[in-house]
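Worksheet: the structure to be examined is printed underneath.
Taken together, the values in this text are just the output of simple stated rules run on the coordinates, not laboratory data. Bear in mind that the values here come from a model prediction, so they are computed numbers and not experimental data. With ideal geometry, Cβ positions are generated from the backbone for all residues, glycine too; neighbour counts draw on all protein chains shown.
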Amino acid sequence: MPPKRRQLLTRLSAPRSWRVGVFLGAFLVFGIVVVLVTHAAGPYVTVEPENGTISGAATTITDATASGGKAITLNSPTPTPSPTPTPSPSAWPDATNTGYQPTGVTLHTCSTSIGSSGTFDSCQFNGDITISGVCTGSVKITRSLINGQVWIKGPGGYEYTTGNTAPNAGCSDQGVVISDTTINCGCQSGSSAEFPATSTPVIVGGLNFTLLRDNIYNGGHGVAPDEFVTVQDSYIHGLGGNTDAHKDGIFISDGDHMTFKHNNVECNDGPLAGCTSAIGILSDFSDTTYATFDNNLLNTNGAYCFYGSGGPQKTYHTSHSSFINNHFGRKFYSTCAGFGPVTYWDVNATGNVWSGNVWDDTGATVPPEY
């Protein structure tokens, strides 16, 4: 190569090598600084991990090939057992969730004559009970067994207010509260005579009372209310005697300010089919007003599951009342009763409401009829 060309290449190569060297030196210094700074920031773990506290799905094992003779192995997660589901209560009141339940309750005998305020808990009443002249929730019967009939009378001893001219015949409230109690009347129908003859006894009757989560059975009519009455979360059944006498789960001949909510009501009286209805408003003595029937289950082998009034042939009628969210069953008939689910409900009567009433098995709407 000619001397001049070799000299030119030498001049071009020398500066490039110098620059590369400077770059590499700077990079090395930067790396050392980063390591020193990071180490200073720490902290670094100075023990083997398997000698520390192990948490989560891991276990320390002995391993001769591992550093320190120990190692960490991961386990399969231990599944958390599903909680045992709590059985839900029956959708409707029945013998398992109403009435006196013997678990944890020791009964003692109580008097069947009640004429003053008091609380009667865990009682066994051996015979018919008469409760007279009390108001403002002053008598409470709880967790008890009543082997007989119950009559609740207002001040002055009146069972019904209709036709009474005496003052304070009613209390304008529920003076008697019977809750979580079994009422086994032992008073089934004995002939074909009509109520109020003694041949078709009422299990619970009168005015100014509340029945709550009660098991009511073994009589003629189940409940016969007059005024200021509430029946809720109760099971009314086992009515009869296999006679052709008139019988109803709830029998209303007149009255006002009544509420029937979330009850299981049935009337099944054997082959003679003496039941008239599960719930019957039959308007014998005066108009029925301000009655509410909400979310009840009805079944009967009688004529209709619900009588909304006594019909046009009667002098008295139903008004200002609501029949809402009730369920018609098919326990005895596909039509709920021999002739159908409902009759004589006048949707045009002042204040009457019919809404949300359905067949219990399908949810299909049941219309009113008159």
Sorted from largest down, what three extents in whole angstroms do the Cα atoms of segment 109-359 have along their principal axes? 45, 38, 32
Setting aside same-chain residues fewer than 8 positions from Lys153, which aspartates and glutamates have a Cα under 14 Å from its Cα? Asp128, Asp173, Asp226, Glu227
Summing Lys, Arg as +1 and Asp, Glu as -1, what charge do residues with Cβ under 9 Å from the Cβ of Thr98 carry, Thr98 excluded? -3
Determine, at each q value in 0.10, 0.19, 0.21 (inverse angstroms), the log₁₀ of I(q)/I(0) that the Debye formula gives when each Cα of segment 277-370 is one equal point scatterer. -0.22, -0.81, -0.98
Taking H as built 1.01 Å from N, whose amide H comes closer than 5 Å to the amide H of Thr259, not counting residues under 5 places away? Val229, Thr230, Val231, Thr292
Only Lys, Arg, Asp and Glu count, each charged at its Cβ (+1, +1, -1, -1), so figure out the dipole size of segment 109-359 about its Cα centre, rounded to 20 debye. 380 debye
Whole-Hz ³J(HN,Hα) for each residue in segment 242-252, computed from phi via Karplus 6.51 cos²θ - 1.76 cosθ + 1.60 with θ = phi - 60°, x for glycine and proline: what do you get? 6, 10, 8, 5, 5, 9, 8, x, 10, 10, 10
Starting from the amide H of Thr243, placed 1.01 Å from N in the peptide plane, find each other amide H under 5 Å away whose residue is 5 or more places distant or on another chain. Gly274
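Around Ser144, under 9 Å between beta carbons, what's the net of Lys plus Arg minus Asp minus Glu among the other residues?
Here the count lands on -1.
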